[in-house]
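A quick write-up on the structure given underneath.
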Amino acid sequence: MVADEPEKARLAIEAVITRAKETLEGIPEETRKTLPDGNTAYMRPLPGAARMYPETDVPQIEISQKYFDSIETPELLTDRAKRFASESGLNKELAEKIAYSRHLPLFENLIETYRKDANVNSTLISRTLVGIVPEIRRNGVETDNLTDEHFKGLFAAISNQEIAKEAIQDLLTALAKEPELTAQEAISKLGLSTFDPEEVENFIKKMVREKGDFIKEKGPAALGPLMGIVMKEYRGTVDGKILSQMLKKELDSFITQG
């Protein structure tokens, strides 16, 4: 109900009609004030282009074209992901995950450190930071305790062949639970020290002799099942690639002699 002089009443009714139509099209562009009961009330429409003018209380500053051209814009994360894919050989998914990760500065530091390292590459680093760490968190372990120094110690140990890549999750889990430990201290506590090649070789030879009938039946196909036994024994202490090579050599020798 509108009560006023005819012209004012007409304008008021038109404003109400316009307002009602706007609510059917979406949220009106306006400034609202909060009310004590938690609701809001209309104050005024948002200013249009006509109300936009230079700030009169702040003097203008001349910016030369030379200075403008010298400003370096930061690399977009989308561009950074593409660069990781092309320069570091990451697949698209890993490149995008690490580009948007909070571990981005650490990743760039690590790939520069291990650029020419055969044991630590960009894929291993990125999978650790954006794959293994979330997996540990899903297992109920708080990972915010992990520091850059923990990761640096971890990859240094892999680079020096002190531990196998298979030990990454176990080592990071231990460090997350006891963040006061260094990577080296956690390695010693978990018993993930450098392996004794002779001990591993003797274990493989004994296993091959015990599984002789199985090997004769399966031939070279026995490698897979036997590898599972070896990995169960030395997982985390010996690189899987090394174990596979040692087992294959012994298996080939057994088949040849048999």
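Read-outs: derived from the displayed coordinates by stated rules, not from any lab. Just so you know, these numbers come straight off a predicted model, no measurement behind them. Using ideal geometry, Cβ is built from the backbone for each residue, glycine included, and neighbour counts are taken over all protein chains shown.
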Next on the checklist: Just to confirm the number: angle between the C-alpha axis of helix 104-113 and the first principal axis of the chain, 0 to 90 degrees, nearest 10?
Outcome noted: 40 degrees
Checklist entry - Given the convex hull of the Cα atoms of the chain, what is a quarter of its surface area in nm²? => result 29.5 nm²
Checklist outcome for this item: Residues whose built amide H sits under 5 Å from the amide H of E30, excluding neighbours closer than 5 in sequence, are L46
Item to check | Charge dipole of the chain about the Cα centre (unit charges at C-beta), most positive-ward option of G212, T143, V230 | outcome: G212
Checklist entry - Hey, what angle do you get for helix 148-159 against the long axis of the chain, alpha-carbon based, 0 to 90 degrees rounded to 10? => result 30 degrees
Checklist outcome for this item: Residue-ordered couplings for segment 164-178, obtained by feeding phi - 60° into the Karplus form 6.51 cos²θ - 1.76 cosθ + 1.60 and rounding to whole Hz (Gly and Pro as x), are 8, 4, 5, 8, 4, 5, 5, 5, 5, 4, 5, 5, 5, 6, 10
Checklist entry - Sequence-distant or interchain residues sharing an amide H contact under 5 Å with N121, placed H: which? => result none
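Hey, got the dipole for the chain? About the Cα centre, +1 on K and R Cβ, -1 on D and E Cβ, debye to the nearest 20?
Approximately 960 debye in magnitude.
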Checklist entry - HN-Hα J couplings of segment 27-35 from phi, Karplus 6.51/-1.76/1.60, θ = phi - 60°, integer Hz, Gly and Pro as x? => result 6, x, 7, 7, 9, 10, 10, 7, 10
Next on the checklist: Through the Karplus equation 6.51 cos²θ - 1.76 cosθ + 1.60, θ set to phi - 60°, convert the phi angles of segment 61-78 into ³J(HN,Hα) values in whole Hz; use x for Gly and Pro.
Outcome noted: 10, 7, 10, 6, 5, 4, 5, 4, 6, 7, 6, 8, 7, x, 6, 5, 5, 5
Checklist outcome for this item: Taking R0 as 25 Å and r as the Cβ-Cβ distance between F203 and T256, the FRET efficiency 1/(1 + (r/R0)^6), rounded to the nearest 0.05, comes to 0.75
Next on the checklist: Is the C-alpha gyration tensor of segment 91-190 telling us rounded, prolate or oblate? Criteria: a/c under 1.5 is rounded; beyond that, a/b larger than b/c is prolate, otherwise oblate.
Outcome noted: oblate
Checklist entry - Where nothing but the Cβ of Lys and Arg (+1) and of Asp and Glu (-1) is charged, how large is the charge dipole of segment 197-245 around its Cα centre, in debye to the nearest 20? => result 160 debye
Item to check | Formal net charge of residues neighbouring L11 (Cβ-Cβ distance under 12 Å; K, R +1; D, E -1) | outcome: -2
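Taking a threshold of 32 Å on the Cα-Cα distance, which of the pairs K152/K206; K165/K205; K177/K211; K177/K218 fall above it?
In this structure, K152/K206; K177/K211; K177/K218 lie more than 32 Å apart at Cα.
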Checklist outcome for this item: Taking the chain and counting helices only, DSSP H stretches of n ≥ 4 at -39,500 (n - 2.57) each over all residues, the nearest-500 ellipticity at 222 nm comes to -17000 deg cm²/dmol
Checklist entry - So what's the angle, to the nearest 10 degrees on a 0 to 90 scale, between helix 6-25 and the longest Cα principal axis of the chain? => result 10 degrees
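Over segment 197-257, calculate the relative contact order: mean separation of alpha carbon pairs under 8 Å at least 6 apart, over the residue count, as a percent.
Relative contact order for segment 197-257 comes out at 47 percent.
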Checklist entry - Hey, how many Å between the Cα centroid of segment 71-130 and the Cα centroid of segment 10-69? => result 43 Å
